[in-house]
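Working notes for the structure below.
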Amino acid sequence: MIRLFKVSKRYPESGGAALTNVNIEIPNGAMGFVTGHSGAGKSTLLKLLAGIEKPSGGEIDVAGFNLSSISHAELPDFRRRIGVVFQDNRLLFDRSVGENVALPLEVCNVRSEDIDRRVRAALEKVGLSNFQDAMPQQLSTGEQQRVSIARAVVNRPQIIIADEPTGNLDRKLAQDIMRLFWEFNRVGTTVLVATHDIDMVAQMEMPVLELQNGKVLHNHFYEAAPR
Amino acid sequence: MNSASNLGDPTAGLEQQSFVERQVKVLKTTASRLLATPLGSCLTIAVIAIALALPATFFSCVTSLQDLGLSWRGNTRITVYLEQSLDDNAGTALAQTIAARDDVNAAVHIGKEQAAADFVQWTGFDDLLASLDENPLPGAIVIEPAIDLSDEAAIERLADDLIAHDGVESADMDIRWLERLNAVLRLINTGIAIVASLLAIAVVITVGNTLRLDMQARHEEIVVAQLVGATDHFVQKPFMFTGMLYGFFGGLLASILTSLAVALLNKPVTALAAEYQSPFQLTGLGASGFLLLVVVGTLLGLCGAWLTARQHIYRR
């Protein structure tokens with residue numbers, strides 16, 4: 001479950017509030033979108049949910065971890081339980097596709113044979129089974145994004161958080177990526193995708209959290225209640 | 001691929017590597033990275049080796065001199081010079097009196113004629129001695145003390161007693177110049193310790209700086225690894241191994257360089273010592289010294305890596 005209660009985020013250097021009083025509760029197994037214009041707070045929200053940043057106020061619970069008070073030592077354990085797809089992929093270009101996808105398992109000290117098996121399965125799932133030994137720079141933008149998704153799901157995460165995963169892709173590739181997320185969601189993974197592609201959101205007919213100037217404009221999920 | 005039952009457990013149904021497997025894997029990866037940049041790795045190792053070899057070589061030489069001093073200390077004698085007026089019979093009698101003391105092991109009288117013969121043998125100035133009307137060299141008694149030679153008060157007491165004898169002109173103690181030599185060697189040792197400490201810091205800085213550049217080059221890799229759940233320990237480990245390998249091979253090379261330097265110095269030093277009828281020669285590091293230098297290098301490498309990793313990884 002994802003729960004944000006009265007969450008706010010301020011960046012002292014910019015002086016403004018990136019998020020103000022966000023209350024949402026997303027049940028396990030849900031899939032939905034976070035939308036809003038540029039600067040609405042989508043990326044900030046996803047960074048908070050991925051434990052990349054800490055909130056300035058409020059409570060955040062994700063996958064059983066209280067991210068408002070999570071310690072530095074607990075962060076790796078939390079991050080192993082979620083999958084994050086970054087807008088810019090964040091692939092390592094000096095490593096092969098297979099090695100990129102294997103990274104989340106490497107950090108868990110999984111044996112090589114098991115890593116290989118899981119990596120092949122993940123790449124097959126995203127339609128890149130023949131590219132395990134290729135270097136990322138040999139792939140198209142869409143293929144690179146799919147490698148990034150394979151890396152996010154190779155650990156069988158409870159929650160997938162994707163920040164503008166289709167931002168640089170054409171309509172057809174974007175639909176393919178969304179279909180992939182939907183397939184992961186079908187087997188129980190909670191999926192939250194940040195996008196500014198209104199057409200796609202309308203097409204997918206899924207719950208939406210719309211942000212505007214750091215505040216919730218529309219919330220198709222639940223309103224978080226105090227504990 | 002997924003099943004709802006084990007979602008969120010990243011290692012469900014997977015076997016984990018043992019501790020040894022993990023270390024071996026990181027060691028292999030680290031060694032491969034070092035081999036991938038042979039010139040850079042060799043330069044770093046060479047800098048570490050030189051920094052360690054310099055004080056090690058000096059220390060080796062000074063230790064040899066100290067050992068020599070200790071062996072000389074065991075053979076230290078007090079030479080009592082007799083008055084010119086004292087004849088050889090009186091000199092022999094005085095030697096026997098002195099030899100009877102509890103604080104003296106032996107006392108050997110060297111007569112005037114013997115002194116002249118020794119002088120000629122050592123200096124070759126037989127013409128000079130022959131040109132003189134009479135033998136100017138006094139008789140002497142060479143005394144082997146039976147007391148602790150580091151007990152300066154006891155030595156002084158013995159010397160005062162010896163000078164108090166009738167017919168004794170003066171007493172010369174070999175120990176004095178040996179003490180001075182030891183004082184000089186202690187000073188040099190302190191200097192070497194200071195230089196060694198500074199060079200050890202230089203090794204730590206060298207390893208630290210090399211790894212800092214390495215970490216900057218691998219910044220994205222570190223960040224991505226942390227984002228997918230790598231612990232600080234996991235991220236830090238390859239750099240620790242790199243520092244350890246730099247230090248280990250630096251120490252190993254330093255041991256070899258020191259042994260070579262001592263071996264090269266030994267030939268002229270032995271030849272010089274032979275001129276003074278001394279069997280002195282430089283002793284190398286020995287097996288324990290060799291090992292110690294490797295261990296010190298490894299520890300310094302680890303130290304440099306740890307300090308840099310703390311600064312660059314833990315502060316994220």
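Would you mind working out the accessible area per residue for segment B:80-233, using a 1.4 Å probe, and quoting it in Å²? Please list the in-between numbers first.
On the way: 8500 Å² over 154 residues.
That works out to 55 Å² for each residue.
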Query raised in the report: Which residue, A:Ala40, A:Ala150, A:Ala134, has the most motion in a Gaussian network model of chain A that connects Cα atoms within less than 10 Å?
Result: A:Ala134
Report summary line: Quick shape summary for the protein assembly as shown, equivalent ellipsoid via Cα gyration tensor, semi-axes whole Å in descending order, reads 86, 23, 18
Query raised in the report: Amide H to amide H under 5 Å from B:Ile110: which residues, 5+ apart in sequence or cross-chain, H placed 1.01 Å off N in plane?
Result: B:Ala140, B:Ile141, B:Val142
Query raised in the report: Taking a 25 Å limit on the Cα-Cα distance, which of the listed pairs A:Lys125/B:Lys25; A:Lys47/A:Lys215; A:Lys6/A:Lys47; A:Lys125/A:Lys172; A:Lys54/A:Lys125 fall beyond it?
Result: A:Lys125/B:Lys25; A:Lys54/A:Lys125
Query raised in the report: By how many degrees, between 0 and 90 and to the nearest 10, does the Cα long axis of helix B:88-99 differ from the longest principal axis of chain B?
Result: 40 degrees
**Report entry** Net dipole in debye of chain A [+1 Lys, Arg Cβ; -1 Asp, Glu Cβ; about Cα centre; nearest 20]
**Finding:** 380 debye
Query raised in the report: segment A:168-193: which residues show an accessible-area loss of 30 Å² or more, assembly versus chain alone, 1.4 Å probe?
Result: A:Val187
Query raised in the report: Which percentage, to the nearest 5, of the DSSP beta bridges contained in the protein assembly as shown is antiparallel?
Result: 70 percent
**Report entry** Carbon/sulfur fraction of accessible area - the protein assembly as shown, other protein chains in place, 1.4 Å, %
**Finding:** 57 percent
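Leaving out ligands and nucleic acids, note down the accessible area per residue over segment A:37-146 with a 1.4 angstrom probe, in whole Å².
Heavy-atom SASA per residue in segment A:37-146 reads 42 Å².
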**Report entry** Estimated buried accessible area (total), pair B and A, 1.4 Å, Å² to nearest 100
**Finding:** 3400 Å²
Requested in this report: Report, in whole Å, the centroid distance computed from the Cα atoms of segment B:273-315 and segment B:37-66.
Outcome: 7 Å
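With n ≥ 4 as the cut-off for DSSP H runs, can you work out [θ] at 222 nm for the protein assembly as shown, using -39500 (n - 2.57) per run divided by the number of residues, rounded to the nearest 500?
Here the helix-only value at 222 nm equals -18500 deg cm²/dmol.
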Query - Hydrodynamic radius by Kirkwood, which averages 1/r over all alpha carbon pairs of segment A:87-227, in angstrom - result: 16.2 Å
Query raised in the report: Stokes-Einstein at 37 °C, 0.692 mPa s, Kirkwood radius from Cα pairs: D for segment B:216-316 in µm² s⁻¹?
Result: 201 µm²/s
Requested in this report: Write down, largest first, the equivalent ellipsoid semi-axes of segment B:175-274 in whole Å, where each equals the square root of 5 times an eigenvalue of the alpha-carbon gyration tensor.
Outcome: 45, 16, 9
Query raised in the report: Which residue fluctuates the most in chain A, going by a Gaussian network model with Cα springs under 10 Å, if the choices are A:Arg90, A:Arg80, A:Arg146?
Result: A:Arg90
Query raised in the report: With θ set to phi - 60° and the Karplus curve 6.51 cos²θ - 1.76 cosθ + 1.60, what are the ³J(HN,Hα) couplings of segment B:234-245 in order, to the nearest whole Hz, using x for Gly and Pro?
Result: 4, 5, 6, 4, x, 6, 4, 5, 4, x, 5, 5
Query raised in the report: If you add up the charges near A:Thr166, with Lys and Arg at +1 and Asp and Glu at -1, over every other residue whose beta carbon is less than 14 angstrom from its beta carbon, what do you get?
Result: -3
Query raised in the report: segment A:161-188 to segment A:45-112: how many Å between their Cα centroids?
Result: 19 Å
Query - Value in Å of the Kirkwood radius, where segment B:202-255 supplies the Cα pairs that are averaged - result: 12.1 Å
Requested in this report: Determine how large the accessible area of A:Glu124 is when every protein chain is in place; take a 1.4 Å probe and give Å² rounded to the nearest 10.
Outcome: 130 Å²
Requested in this report: Have a look at A:Gly15, A:Gly29, A:Gly98 and tell me which one the Gaussian network model of chain A (Cα, springs below 10 Å) gives the largest fluctuation.
Outcome: A:Gly15
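The values are calculated or read from the model by the stated rules, or taken from the named source; none is laboratory data. Values in this document were obtained by computation on a predicted structure and should not be read as measured data. We place every Cβ from the backbone using ideal geometry, glycine too, and count neighbours over all the protein chains shown. Side chains are part of the model used for accessible areas, which takes the heavy atoms of the whole protein and leaves out ligands, DNA and RNA. Shrake-Rupley method; radii C 1.70, N 1.55, O 1.52, S 1.80 Å.
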